[in-house]
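**Q** Before anything else, here's the structure in question.
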Amino acid sequence: MKKEPFYYTADLNVGKLYLQEKEYDKAYKYFDAMIKKYEKIPLTESWKAEIENYQGMAQLFLGNNDKAITLFDNAFKDSNNLLFDANMNKVAAYLQKNDPQKALEILNENKEQSGDKYSFYNYEGWCQLKLDKIDKAIESFDKAIKKNPRSSTLYNNKAIALELNKNYNESINNYEIALKLNPDNILALNSSARLYYLLGLFQKARENTMKVKTLDPASWAFEISGLIELQDGNFEKAMDIYEEVYSNNPGNFDMVLYKANMLSGFIEGNAKLDNNIKYKKIIQMLAELKRAERFSNMIS
């Protein structure tokens, strides 16, 4: 990099590394500096489109959907309407904006250009899912899986659709295939743990939440372990689990609510423990939660 300051591929890889490390703002600024840098020298026709596409991805991950869409449009235009990935990323932005109809329209406009790619059918499945057309979503995910049968993500997506269709056994089967292909698939571990819990398969739910804990201590799936312990009457163990989950999600209001509900259950089960130090701590914490305006009515 120091000897060849205009080494485009190396520069691009640095920006992509920022994306992989989830340093999205830094990635966006790095790509912006690249555009200014490489405008001064001749490169291939699509170089700017490629950078704009990655800039759009950074904004997408930052939640700036409209800015991302503008960048994806610029990328598609600057590639002479050849950069398929830019349009697929624009679909993702509209899905994130909760506008699946617009996302589906863009997909249909690019169906011929898609080249029958699995990513096209995957996005189509998500559009149908958000439009409550679950059977069509399952069909799309099946087409995607046929194109890429080794994708853990695709099996996870199909499992979600099957679960929404109340086809729980087949949903579990697809979650298990997803985890066989990638045992560290956080989304599949989270979703399957929740479904196992709802089906009363508590040991399987506990096993998956423990796997999640080793991969992502901040994951909400771990709180299912607290629900299991609470149901079994193990209030102090549940308290320890919720303390750990909450400590990894500071400022997360939904986690505060989970914690408040758990605390209420602990108090109901241990009403006579007036001299218990941990009980007194819980009372104090619950009082603090009650002072949070958003939850004053929910946990009183």
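Just so it is clear, none of the values below were taken in a lab; they were calculated from the coordinates. Bear in mind that the values here come from a model prediction, so they are computed numbers and not experimental data. Here the Cβ positions follow ideal geometry from the backbone for every residue, glycine too, while neighbour counts run over all protein chains shown.
**Q** How long is the gain from L82 to K22 if the chain were fully straight, where each residue apart is worth 0.36 nm and the alpha carbon distance is subtracted?
**A** 18.9 nm
**Q** Same structure again: Whole-Å semi-axes of the stretch 1-156's equivalent ellipsoid, largest first, each the root of 5 times a Cα gyration tensor eigenvalue?
**A** 31, 15, 15
**Q** Further question on the same structure: Given a Förster distance of 22 angstrom, what is the FRET efficiency for K130 paired with T153, based on the Cβ-Cβ distance and rounded to 0.05?
**A** On the way: r = 17 Å, r/R0 = 0.77.
Given R0 = 22 Å and the Cβ-Cβ separation, E is 0.85.
**Q** Would you kindly give the portion of the calculated P(r) for the stretch 68-222 that falls above 25 Å, as a percent of all Cα pairs?
**A** Value for the stretch 68-222 (Cα pairs over 25 Å): 37 percent.
**Q** With θ set to phi - 60°, apply the Karplus curve 6.51 cos²θ - 1.76 cosθ + 1.60 along the stretch 56-68 and write out the HN-Hα couplings as whole Hz, x wherever there is a Gly or Pro.
**A** x, 4, 4, 5, 4, 5, 7, x, 8, 5, 5, 5, 4
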